[in-house]
Structure formats: structure tokens, C-alpha cells
Amino acid sequence: MNVEPTTFSAEDYFATQTPPSTLHHDVEQVKNFVARQAKEGRKVALVTSGGTTVPLELNVVRFLDNFSAGTRGATSAEYFLKAGYAVIFMHRQFSLQPFSRHYSHSTNPFLDFLEIEKDGTQVDSTPRISVTPEKREDLLEVLSTYKAVHAAGTLHSLTYVTVNDYLWLLRALSQELAVLRRNAMFYLAAAVSDFFLPRQKMSEHKIQSGKGSLHIEMDQVPKILGSVVDEWTREGFVISFKLETDPALLIPKARAALERYGHQVVIGNDLHRRKHEVVFVSRKPLPSLPPGTHPEPTTAVTNVNGDVPTRDTLSDTFVEYWLRIDIPDSTVPASQVKEIEEDIVTELVKRHSAWIQQSVASEVSR
Ligand code: PAZ
């Protein structure tokens, strides 16, 4: 069968692709979470995190994936919680999560710092387990924050695997967050595939070898950010991420995304420098805005040379703000390494507040 490649609109996509079986349940939980946060007057950040898969068969044996481990999303979620936001953490199943990320099985396996005490058994004669002394302080800090967040009920996590799961969830969650109006922030850090195989073109069973090379033609994933901004959650503060490997493309592509979707900020990052350098691209404030409403970046950062923050105005319409931190020395313990997400979140929290003030003021003056 020869099926032509299609460019799906968001509408066509949802009319032809099937939702994940857990969607209804996930949405009910988010609805309750959002209602509670709204009642308690909290802002809510929807953080998307990790890569998406693209299955090649209906009975999936093979799939396409990408590099993202979910570090950006999981780390940022912690800083949003610290800043007083409630967080909906929508992440790729088994990618990094807030708090537990500090004890990742590959970089800091927790079994390595638990000890079975030789003496001092408990009343029922089972041996006691204790934490290696040099790990106690860090663990106590992470654990206390984790427990406090759970007690406050300000973190809600849910998972996706495929790009299809991601798209359905993002649509449903955006619609749920619309009730928060300007108090909703969308922090879209997930690495979402640009291409997919519609179920109508997938083989039902495992693709067989023996016929030479494999040719698969994928369709383009619909540009869903436009629907988030224009239809599903029209008053939210939306930040998308743009990843490139060619530095020359970063700013033009980020600007093009802002131009196309009309959201608030694109954070650009280069694959290899993403842990210590990002660029915020946004539209220049209109000259008629009241004084003090311009979200001026004030975060104290230094670049790799120890210079003061740079802010380059490169066009009449857009403004770029580079955020850089020092590349950590390999001798610094992981728990003391500065994380760029701390500064990213500080900057966004400030911009979100300024933006709320500004849009409330312009609504009042209308
Ligand atoms: O998950 P991670 O920390 O390894 O990587 C983060 C990132 C590079 C995926 C994120 O910062 C990002 O740029 N996300 C958007 C990617 C894109 O679709 O362009």
C-alpha cells in the first residue's frame, strides 16, 4: 500500500489518532489538583520533561527515541516548588524526577551509601540499616524537602511514553489549567519528536527482516504550541524550549517560534552547552507599557569568564538574554554544584509576576 505523507493539523491529529487508555483518569486527578491549588491561591507550573518515543509497530517492538534524560525538567520542578509554585510534573516514564534525581541509579545509587550495622540489632533481632555518615547531611536535606512537598500536596506527577501520549496529555492538561488564567505557567522542556508514524501506517506486528533495508516515511507532528496558546489556555504564561546543535540556528529558530506562536518566552539551548548556558528570547516590551512593568532580568549570573550578565539586543522586535554559569570543577561534590535551572526559574518567576501585573493593568484600563 502506498500512503502519501501527511501534514496533520492539530485537529486532524486528534480526530485520527487514539488517546492513551489512562487519559481520563489522569485528567480527573489533575482537575482535582488544580482546583485545590486555585483554592489555596497558588500559581501552578506545568513542567514537561524527558523524551518521547515514536513506535514503529502497533505491537511495539521497535521505537525511535531521543537523548533527553529529563534533567532540565526534574531540576526545574524542584526550583519552582521552592519558589512557592505548585507543579504538575508531566514526564517520560522512568526519566528523572524531582528529589529522587539526586539518587539516580547510574550516578549516585542509594544502595551504595546504606550500611547494615554490625551490632545494635533491633528488638526483633533484624539488623539496623543506616546511612553512611558523609551522605547524611545531603540526604536529610533532600528528604526533608521531599516530605514537606508531599505534606503540602503541591507536586503532582504523571507520565507519558510515546509522542502520541504526550500530545493528548498536553492538550487535556492545557484545557484543565485554563481555569487558573494567568496563574498558570507552561514550562515545556520535554524533547518531543517532530516526526511520527500515524497508526494507520503502522504495521500491526513486528517488522520482519529479510527484505533488505528498511524504509519508513514519517509524518510531521502537528505544531501543537499554536493550539496551546490560541485555543486551549489562552491566558497562560508559556515558555517553550528550543534545542539546536548548530549554534547559528539557535536565535533565528527561537525568534521564528515566538513569531509563529505568539507565546511569552523561548529558551534556546545548545546540546553540548545546555547545562551552563541558555538564552531567553522574548519580544521587546511595547513602548506604551507603564513604567516598571518591563520584566528586566536582574539575576546575578556570571558567564564562563566571570563577566557580568550580557544582554544583547539583536533586532527591533526581539530581545535576547543570555544566562551563564561557571562550568563546575570535577572535584566539587555533586550536591554543591550550581545548577543553571535555579537561575532559569528565578528569572521566569520574576517575568511571570511582571507579566501578570502588566496584563491585569491593561485589562483594567480597557
Ligand atoms: O532532559 P535534558 O536535561 O537531558 O535535556 C533538556 C532539553 C535539552 C531536552 C531541554 O532543555 C530542551 O531544549 N527541550 C526542547 C527540545 C526541543 O524540542 O527543541
Original post:
Taking +1 at the Cβ of each Lys and Arg and -1 at the Cβ of each Asp and Glu, which of ALA86, LEU139, PRO127 sits farthest along the dipole of region 1-157 towards its positive end, judged by Cα position relative to the Cα centre?
Top reply: ALA86
Subject >> Rg and Dmax [Cα atoms of the chain; Å; Rg one decimal, Dmax integer] >> reply: 22.6, 75
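For VAL44, VAL229, VAL337, write out the residues from largest to smallest accessible area, computed with a 1.4 angstrom probe and no ligands counted.
Details: VAL44 0, VAL229 25, VAL337 45 Å².
These residues rank, largest area first, as VAL337, VAL229, VAL44.
Where the accessible area of the chain is counted over protein heavy atoms with a 1.4 Å probe, how much of it, in %, is carbon and sulfur?
Values: 10550 of 19850 Å².
Ligands and nucleic acids excluded, carbon and sulfur give 53 percent.
How much FRET efficiency would the formula 1/(1 + (r/R0)^6) give for GLU117 and HIS150, where r is the Cβ-Cβ distance and R0 is 30 Å, rounded to 0.05? Write down the numbers at each step before the final one.
Details: r = 28 Å, r/R0 = 0.92.
E between GLU117 and HIS150, to the nearest 0.05, is 0.60.
Among ILE129, ILE251, what's the order by accessible area (1.4 angstrom probe), most exposed first? Mind dumping the intermediate values first?
Working: ILE129 125, ILE251 25 Å².
My answer, sorted largest first, is ILE129, ILE251.
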**OP:** Could you pull out every residue, at least 5 positions away or on a different chain, whose amide H is within less than 5 Å of the one on LYS242? Hs are placed 1.01 Å off N in the peptide plane, and Pro or chain starts have none.
**Re:** ILE267, GLY268, ASN269
**OP:** Taking H placed 1.01 Å from N in the peptide plane, check which residues at least 5 places from GLU57 or on another chain put their amide H under 5 Å from its amide H.
**Re:** ARG62
Original post:
Quick one: putting +1 on the C-beta of Lys and Arg, -1 on the C-beta of Asp and Glu, what dipole do you get for the chain around its Cα centre, in Debye to the nearest 20?
Top reply: 720 debye
Original post:
What figure in square angstrom, to the nearest 10, would you give for the accessible area of GLU141 with a 1.4 Å probe?
Top reply: 130 Å²
Subject >> Amide proton proximity set for LYS43, modelled H, under 5 Å, gap of 5+ >> reply: ALA86
**OP:** Starting from the residue with the highest accessible area, list ASP138, ASP124, ASP270, ASP316 in decreasing order, probe 1.4 Å.
**Re:** ASP316, ASP124, ASP138, ASP270
**OP:** Figure the gain on full extension for LEU143 and ASP329 (residue separation times 0.36 nm, minus the Cα-Cα span) and round it to one decimal in nm.
**Re:** 64.4 nm
Subject >> Distance between modelled label sites at GLU231 and GLU259, nm, 7 Å Cα→Cβ extension >> reply: 2.4 nm
Original post:
What list of ³J(HN,Hα) couplings, whole Hz, do you get for region 92-103 from phi and the Karplus terms 6.51, -1.76, 1.60, once you set θ to phi - 60° and write x for glycine and proline?
Top reply: 5, 3, 6, 7, 5, 10, x, 6, 5, 4, 5, 10
Original post:
Quick one: Cα centre-to-centre distance for region 6-73 and region 326-347, in angstrom?
Top reply: 29 Å
**OP:** Starting from the Cα of THR126, step 7 Å along the direction of its Cβ; do the same at HIS24; then give the gap between the two resulting points in nm.
**Re:** 4.0 nm
Original post:
In region 39-118, how does Rg compare with the Kirkwood Rh, expressed as the Rg/Rh ratio over alpha carbon atoms?
Top reply: 1.12
Subject >> Inter-label distance, nm, simple model (7 Å from Cα along the C-beta direction), PHE63/LYS223 >> reply: 2.7 nm
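Using helices alone, what [θ] at 222 nm do you get for the chain, with -39,500 (n - 2.57) per DSSP H run of 4 or more residues, divided over all residues and rounded to the nearest 500? Let's see the in-between values first.
On the way: 7 runs with 111 residues, N = 366.
Roughly -10000 deg cm²/dmol at 222 nm, from the helical runs in the chain.
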Subject >> Difference of contour (0.36 nm per residue) and Cα-Cα distance, PHE195 to LEU271 >> reply: 25.4 nm
**OP:** Could you state how much accessible area ILE207 has, in square angstrom rounded to the nearest 10, with a 1.4 Å probe and all protein chains kept in place?
**Re:** 40 Å²
**OP:** With all protein chains present, calculate the accessible area of SER209 using a 1.4 Å probe and round the result to the nearest 10 Å².
**Re:** 110 Å²
Original post:
If you add up the charges near GLN37, with Lys and Arg at +1 and Asp and Glu at -1, over every other residue whose beta carbon is less than 12 angstrom from its beta carbon, what do you get?
Top reply: +3
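Counting heavy atoms of the protein chains only and a 1.4 Å probe, report the per residue accessible area for the chain as a whole number of Å². Walk me through the numbers on the way to the answer.
Numbers: 19850 Å² over 366 residues.
Counting only protein heavy atoms, the per-residue value for the chain is 54 Å².
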**OP:** Using a/c under 1.5 as the rounded threshold, could you call region 235-275 rounded, prolate or oblate? The axes a ≥ b ≥ c are square roots of the C-alpha gyration tensor eigenvalues, and prolate needs a/b larger than b/c, oblate otherwise.
**Re:** oblate
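The values are calculated or read from the model by the stated rules, or taken from the named source; none is laboratory data. All values derive from a computational prediction rather than experimental measurement. Positions of Cβ are backbone-derived with ideal geometry, glycine not excepted, and every protein chain shown enters the neighbour counts. Ligands, DNA and RNA are stripped out before the accessible areas are found, and what is left, the full protein with its side chains, is counted by its heavy atoms. Shrake-Rupley method; radii C 1.70, N 1.55, O 1.52, S 1.80 Å.
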